[in-house]
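What follows is one structure encoded as C-alpha cells, with my remarks underneath.
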Ligand code: 2P0
C-alpha cells in the first residue's frame, strides 16, 4: 500500500510578535496575533505511512521512539486526518531534524507542520497550505506559521468566526522580500524549563499583567507587520523587543513565577544593546520559552553580530539563519 505513504519537510520559525496565551484551550486558538520568519536551514523531515498491520501509531523522532506525551500529540493529529479521509489504519511516523535539538531551537513548529502535510498527503487528501496550517495550529499554535515561507502572520480568530477549527496562518511576504539574518546565541542550559503550553496557561491564570498583554499585543503585531512590508528594521526591531519583553514580564509576574531567562540571556541582551548603542549596528533581540537569544539584523552585519554574541559569557555557540520556504512535500528517499 505504498500510496498510503508520504513525506514532507518544514522549517522552524521565530516569532517577531509573540504568541503567548490561548483564547480557547480545546481548539488551541491563540489569544493574541503573532508574526514570524520561517527559517533556513532549520528543517524537519517527516514521513508518514498508514499500515493496516500496525496495532497502534508509532513515532520515531531522530531515530528513537518518542515518549508517551509526544506520541499522544502526534496521534491526535493522525486521528483528525483519519476521520477526514475515512481511514482506520494506524500509522508509522518517522521524523528527523536537520538541526540539533541541542541548538536550543524548538522543533515542535517545524515538526507538527511537516507532520500535518505528510499525514494529509499519505491519506490521499489534497495539498492545501491553509488546511495544513490550521491542522498544525491545532497541535501547536506556532506550527501554523511554518506552513508558509518568509514572513508570516497568524491573526486573531474572531469569536464570531464560523469555522474556528479552520483558523490558519497567512503569508505576508516571501523570503526574497527581505533577506534579514537571525543569529541564534545558544546559552548554557540552566535548570529544567517550563514547557510553553504549561507556562502560558499558568501565566493566563495567575499573572496580573496578562490582560494588558492581550490588550497590547495587536498593536505590536501591527507594527511588526508594517515594518516588514516597509523593510524598516528599526520599526520591526523595536516592536519585536517590546513584544518579547512584555511576554516575559507577563510570565515572570505569574504566581509562582515563570522565568525563562538565565544569566547568559541577560548578558546577550546587553551585548545586543551595546552593539546597537555603541557600535551603531541595527540589531535587535528576542527570546522564546527558553534561555537562548535570537538577534535580528541585516545580512552584512550578521558575521559581526555572531562574533560578538559568540564571545559573550555563557554563550556555547551561535548559528545564523535566514528566511526560508514554507512546507513542501518530499519524494520517497
Ligand atoms: C511564539 N512561543 O510565538 C511563542 C513565543 C514561545 C514564545 O509559540 O501550546 O509550542 O503547542 O500551542 O506553539 C511556543 O508555544 O504552544 C510558542 P502550543 P507552542 O513562537
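The values are calculated or read from the model by the stated rules, or taken from the named source; none is laboratory data. Keep in mind the model is a prediction, meaning the values are calculated, not measured. Quick reminder, even Gly has a Cβ in these numbers, built from the backbone with ideal geometry, and neighbours come from all protein chains shown.
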_Single residue of 72, 68, 10, 26 found to be without any contact (Cβ under 8 Å) to a residue 12 or more places away in the chain and within 30 Å of residue 225 (Cβ to Cβ)_ = 26
_Subset of segment 224-235 that is on the phi < 0 side of the Ramachandran plot and in contact (Cβ under 8 Å) with a residue 24 or more places away in the chain - its residue that is surrounded by the most Cβ atoms within 10 Å (Cβ to Cβ)_ = 224
*When you go through 238, 313, 215 one by one, which is the residue that is surrounded by fewer than 21 Cβ atoms within 10 Å (Cβ to Cβ), modelled with pLDDT of 95 or more and under 27 Å from residue 150 (Cβ atoms)?*
238
*Determine, yes or no, whether residue 154 is within 13 Å of the ligand (Cβ to nearest atom), on the phi < 0 side of the Ramachandran plot and touching a helix residue (DSSP H, G or I) at 6+ places or on another chain (Cβ under 6 Å).*
yes
*Which is touching a residue at least 60 places away in the same chain (Cβ under 8 Å) and away from the ligand (no atom under 16 Å from the Cβ), of 220, 319, 296?*
319
*Among the listed residues 95, 107, which satisfies the condition of being within 16 Å of the ligand (Cβ to nearest atom), crowded, with 21+ Cβ neighbours inside 10 Å and at pLDDT 95 or above?*
95
*What is the one condition in (1) away from the ligand (no atom under 11 Å from the Cβ); (2) free of Cβ contacts under 8 Å to residues at least 40 places away in the same chain that residue 132 does not satisfy?*
(2)
*Would you be able to tell me the number of residues in segment 12-65 that are buried (at least 18 other Cβ atoms within 10 Å of the Cβ), in a loop (DSSP other than H, G, I, E, B) and away from the ligand (no atom under 12 Å from the Cβ)?*
1
*Could you tell me which numbered condition residue 175 fails, if it satisfies all but one of (1) within 16 Å of the ligand (Cβ to nearest atom); (2) modelled with pLDDT of 95 or more?*
(1)
*Hey, does segment 278-288 have a residue that's away from the ligand (no atom under 14 Å from the Cβ), part of a helix (DSSP H, G or I) and in the same structural domain as residue 315 (by TED's automatic domain parsing)?*
yes
*Given the conditions (1) more than 15 Å from the ligand (Cβ to nearest atom); (2) outside any helix (DSSP H, G or I); (3) buried (at least 18 other Cβ atoms within 10 Å of the Cβ), which single one is not true for residue 264?*
(2)
_Hey, residue 142 within 13 Å of the ligand (Cβ to nearest atom) and surrounded by fewer than 24 Cβ atoms within 10 Å (Cβ to Cβ) or not_ = no
*If you go through segment 70-79 one residue at a time, do you hit one that is more than 16 Å from the chain's Cα centre (by Cα), in a helix (DSSP H, G or I) and either in the same structural domain as residue 225 (by TED's automatic domain parsing) or under 27 Å from residue 316 (Cβ atoms) (or both)?*
yes
